[in-house]
């Protein structure tokens, strides 16, 4: 039972390094550098990791660089999970072009990329006026249809999700008919209306 738990924990906090990605780790400076076909990223660590180049694995340990007696086991576990997730995210960012699809659900809900103004999108979302949205310079936008937008670019996952959530805030899907701006694959639990 103990060996099974140990293997499960090792699997949970271990990250496989892809073939086209190089990893450099300096334990003295507490920094991890990941280089891929698209770009290079670095991460300052506050928890120890082990890089096994023979097995192409990164294992995040439970011990911190500074020994804090005030740091509880729950906080150490949370920090370990966060660092694991950040490293996984970095490996994806350096090797893949990130993208996000947005759907406009509703009668007359449309998105138009403005040709004359750079990095501007105009939305028609059922209001009495159009809504203009400025897209960051490093992000590229394509409109597949006037009801679908495709965002992509070589940037961090956080900035992509931040931009899509900002677009979504222009018209949050309502719970009765499901009209609004939705991410690809997002489903909304509809409420039942009042019965007379």
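Annotations
- Fraction of the pair-distance distribution of the chain above 21 Å, Cα-Cα pairs, percent: 64
- Percentage relative contact order, the chain, counting C-alpha pairs under 8 Å, at least six apart: 16
- Pairs of Cα atoms in region 75-139 fall into 10 Å distance bins, from 0 up to the last occupied one, in shares of 16, 29, 22, 22, 11, 0 percent.
- When you restrict to C-alpha pairs under 8 Å that are six or more residues apart and normalise by the size of region 82-151, the relative contact order lands at 30 percent.
- Taking the longest Cα principal axis of the chain as reference, the axis of helix 73-95 is set at about 70 degrees.
- Length added when fully stretched, residue 14-residue 168, from 0.36 nm per residue minus Cα-Cα: 52.0 nm
- 37 °C / 0.692 mPa s Stokes-Einstein diffusion coefficient of region 23-122, Kirkwood radius on C-alpha pairs, µm²/s: 193
- Using a cutoff of 8 angstrom between alpha carbon atoms and counting only pairs six or more residues apart, the relative contact order for region 16-123 works out to 22 percent.
- Size of region 98-183 from its Cα atoms: along the principal axes, largest to smallest, the extents are 36, 29, 19 Å.
- Crossing angle, helix 157-168 versus the chain [Cα axis fit, 0-90 degrees, rounded to tens]: 20
- The angle between the Cα long axis of helix 2-12 and the main principal axis of the chain comes to about 50°, on a 0 to 90 degree scale.
Since every read-out is calculated from the coordinates, none of them should be taken as a lab result. All figures in this text were calculated on a predicted structure; none of them were measured in a lab.
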